[in-house]
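Novice: This structure is in structure tokens; I'll ask about it shortly.
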Amino acid sequence: MRAVVVRSFGGPEVVEVVERELPEPGARQVRIKVAAAGLNPVDAGVRAGGFGGAGKEIGLGWDVAGIVDATGVATAWAVGDEVVALDHGMVKPLGTHAEYVVVDAAAVAKAPAGVDAAHAATLPLNALTAAQALDLLDPEPGASLLVTGAAGAVGGYAVQLAARRGIAVTGLAREGDEEFVRSLGAAGFVAGEAAPGGFDLVLDAAVLGEPALAWARDGGAYAGVIPRAEPASVRGVRTSAVEVAADGARLAELVRLVEEGALSLRVAEVVALADAAKAHVRLAEGGLRGRVVLVP
């Protein structure tokens, strides 16, 4: 099968498409024939060496939508099931940017009905990150929440999930994104600087760090989206950062929200797997509203 890997660190030019042996599922695992796989900023970080692994061949890709192709023992999934999954791991020999991927059965959920594979593939990593970051903040109904990067993938899911839980959400994004952010359920909108100490909680999807921490009130809470990279606590603000975990049951809940129309899926561009390096160039250019998706 074909798979996307890096064998040295750098820019999009280090991304390679290589031939590899078809992986076999073990106990409590399934093999998925990939229909689509999202390209995320974490893939660019791995490619650039931000998570280690020097001297290793590293497979890229975390999100997948496809069809179960083979199963190991002790799994409830069957060949032919249409699924989505998160393949967690910074430094791994193969990722979802491939024609086939093996994942733990517990990381898998049924694909959302009525949604094409490219859109379905944008759900797992970003929606799970948003949901698990909200868990860290543990907001009470009526709490005020600022979401930075509210027009982005993680931020957009966070706005929708929080608004659904009765949280007063303000989205911070570019001025031209106000209409879109409000359409996600944000009651307020900020372009540029927010009010110091103006919010009970801050979910920093834009990775602003200390500037975003300043917008949390004394004794409030801040959650970042890069593991172990949260700013130090000040003014009694509890700080944390989500380290996303694969969770098929939680992913199934998010799929149901997609089917109910409560979560929107956004694809910026679909690129052939063979052109993975070009997809990384597009990601680096920025300005995307939605994910670049690779298809074998």
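The values are calculated or read from the model by the stated rules, or taken from the named source; none is laboratory data. Worth saying up front: this structure is predicted, and the values here are computed from it rather than measured. Counting neighbours? That spans all protein chains shown, and the Cβs are built from the backbone with ideal geometry, glycine included. All accessible areas refer to the heavy atoms of the entire protein, side chains included, with ligands and DNA or RNA removed. Shrake-Rupley method; radii C 1.70, N 1.55, O 1.52, S 1.80 Å.
Novice: Per residue, how many Å² of accessible area does segment 28-151 show with a 1.4 Å probe? Show your work: numbers first, answer last.
Specialist: Details: 4170 Å² over 124 residues.
In whole numbers, segment 28-151 has 34 Å² accessible per residue.
Novice: Run lengths n ≥ 4 of DSSP H only: what is the helix-derived mean residue ellipticity at 222 nm for the chain, with -39500 (n - 2.57) per run over all residues, to the nearest 500?
Specialist: Value at 222 nm, helices only, nearest 500: -6500 deg cm²/dmol.
Novice: 5 Å is the cut-off here: which amide hydrogens, built 1.01 Å from N in the peptide plane, fall below it relative to Val202, excluding neighbours closer than 5 in sequence?
Specialist: Leu146, Ala221, Tyr222, Ala223
Novice: Something else now. Would you list, by chain and number, the lysines whose Cα falls below 18 Å from the Cα of Lys56, excluding same-chain residues fewer than 8 positions away?
Specialist: Cα-Cα hits under 18 Å: Lys92.
Novice: Between the alpha-carbon centers of segment 225-256 and segment 108-186, tell me the distance in whole angstrom.
Specialist: 13 Å
Novice: Out of the total accessible area of segment 11-72 (probe 1.4 Å, heavy atoms of protein only), what percent is carbon and sulfur?
Specialist: After summing per-atom areas, the C and S share lands at 50 percent.
Novice: Same structure, new question: With a Förster radius of 25 Å, plug the Cβ-Cβ distance of Glu179 and Glu210 into 1/(1 + (r/R0)^6) and report the FRET value to the nearest 0.05.
Specialist: On the way: r = 29 Å, r/R0 = 1.18.
Using R0 = 25 Å, I get an efficiency of 0.25.
Novice: Next question. Hey, any idea what % of segment 108-203's accessible area is carbon plus sulfur with a 1.4 Å probe?
Specialist: On the way: 1770 of 3500 Å².
The computed percentage sits at 51.
Novice: So how do Asp116, Asp69 rank on accessible area, 1.4 Å probe, biggest first, that is with the largest at the start?
Specialist: Asp116, Asp69
Novice: Continuing with this model, one more query. Ranked from highest to lowest mean number of other Cβ atoms within 10 Å per residue, what is the order of the peptides 14-23, 129-138, 182-191, 96-105? Show your work: numbers first, answer last.
Specialist: Working: 14-23: 14.4, 129-138: 20.6, 182-191: 18.0, 96-105: 23.4.
In descending order of packing, they fall as 96-105, 129-138, 182-191, 14-23.
Novice: Ok, one more. Tell me the angle of helix 124-137 to the major Cα principal axis of the chain, expressed in degrees between 0 and 90 and rounded to the nearest ten.
Specialist: Helix 124-137 sits at roughly 30 degrees to that axis.
Novice: If we sort 215-222, 151-158, 48-55 on the protection proxy, mean other Cβ atoms within 10 Å, highest first, what's the order?
Specialist: 151-158, 215-222, 48-55
Novice: Run the paramagnetic zone check for Ala191: 7 angstrom along Cα to Cβ, then residues of segment 140-179 with backbone nitrogen under 13 Å.
Specialist: 172-179
Novice: How far is helix 248-259 tilted off the main Cα axis of the chain, in degrees rounded to 10, range 0 to 90?
Specialist: 70 degrees
Novice: From the alpha carbon gyration tensor of segment 178-296, can you work out the equivalent ellipsoid semi-axes (sqrt of 5 times each eigenvalue) and give them in Å, largest to smallest?
Specialist: Numbers: eigenvalues 180, 66, 58 Å².
Working through the eigenvalues yields semi-axes of 30, 18, 17 Å.
Novice: So, by mean Cβ neighbours within 10 angstrom, what's the order for 242-250, 139-147, 260-268 with the highest one leading?
Specialist: Values: 242-250: 17.4, 139-147: 20.1, 260-268: 15.7.
Packing order, densest peptide first, comes out as 139-147, 242-250, 260-268.
Novice: Okay, next question. Using the alpha-carbon atoms, what tilt in degrees (0 to 90, nearest 10) does helix 153-164 show relative to the longest principal axis of the chain?
Specialist: Roughly 60 degrees between the two axes.
Novice: Right, something else. To one decimal place, what orientation-averaged projected area in nm² is obtained for the convex hull of the Cα set of segment 110-183?
Specialist: On the way: hull surface 22.0 nm².
So the Cα hull casts an average projection of 5.5 nm².
Novice: Follow-up. Could you work out how far apart the two model spin labels at Arg289 and Ala252 are, taking each label as a point 7 Å from the Cα in the direction of the beta carbon, and quote it in nm?
Specialist: Output for this residue pair reads 3.5 nm.
Novice: Classify the chain as rounded, prolate or oblate from the Cα gyration tensor: take a ≥ b ≥ c as the square roots of its eigenvalues, call it rounded if a/c is under 1.5, otherwise prolate when a/b beats b/c and oblate if not.
Specialist: Since a/c reaches 1.5 and a/b is larger than b/c, the shape of the chain is classed as prolate.
Novice: Just the number, please: Stokes-Einstein D of segment 1-110 in µm²/s, Kirkwood Rh from C-alpha pairs, 25 °C, 0.890 mPa s. Please report the intermediate quantities before stating the final value.
Specialist: Working: Rh = 13.9 Å.
Result for D is 176 µm²/s.
Novice: Per residue, how large is the accessible surface of segment 205-293? Use a 1.4 angstrom probe and give square angstrom. Mind showing how you got there, number by number?
Specialist: Values: 4130 Å² over 89 residues.
Using a 1.4 Å probe on heavy atoms only, each residue of segment 205-293 averages 46 Å².
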